[in-house]
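Below is one structure; the comments refer to it alone.
The values are calculated or read from the model by the stated rules, or taken from the named source; none is laboratory data. Owing to the predicted nature of the structure, the values given are computational and were not obtained by experimental measurement. Note that we place each Cβ from the backbone using ideal geometry, even for glycine, and neighbour counts take in every protein chain shown.
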Amino acid sequence: MDKRVADWMGDHKKGKRNKLRVGDKVRAKQTWVDWHSSRISWLFGKRVENDGSYLKNEKEIPLESLSEAHFLTYSKLSGKMPTGVISRYGADDNDDNISRKNVYVTFTLDTELGDIQYSCYVAEKDLELIKKAKSRK
């Protein structure tokens with residue numbers, strides 16, 4: 001066996017392996033919701049342009065980002081933590097400090113307007129696994 005393959009297979013012994021698996025159902029922690037809901041303008045806001053120049057300290061949320069902003073504010077205000085399914089591993093491309101402990105989650109939240117989905121990379125420490133009920137056989 002090639003040495004590189006053997007090293008890759010032994011990574012789980014070194015603690016580099018993700019603890020969550022693709023397909024697991026997870027719930028976001030309160031700290032994740034609090035952090036994202038307090039930074040909505042930073043996450044989704046675009047600078048307002050006026051006659052070719054940008055207005056100082058003025059931002060607006062574009063229409064295509066309103067569902068994500070509603071998702072986060074509804075989670076924060078209602079106290080409902082969003083649940084989701086892990087679809088892949090990876091790291092956020094915008095992050096200089098790349099962490100392999102990130103997973104891509106598609107969250108779903110049931111609101112009065114219907115189900116709202118929001119997909120993003122989330123660190124594993126900000127998620128809790130939803131335990132499956134044991135079947136009685």
**OP:** Any residue in segment 55-80 that's in a helix (DSSP H, G or I): show its pairings with residues that are hydroxyl-bearing (Ser, Thr, Tyr) at Cβ separation under 7 Å, as long as the two are six or more apart or on different chains.
**Re:** 68/118; 71/118; 72/37; 73/37; 74/111; 75/37; 76/37
**OP:** Determine if segment 117-125 includes at least one residue that is modelled with pLDDT of 80 or more, closer than 30 Å to residue 19 by Cα and part of a helix (DSSP H, G or I).
**Re:** yes
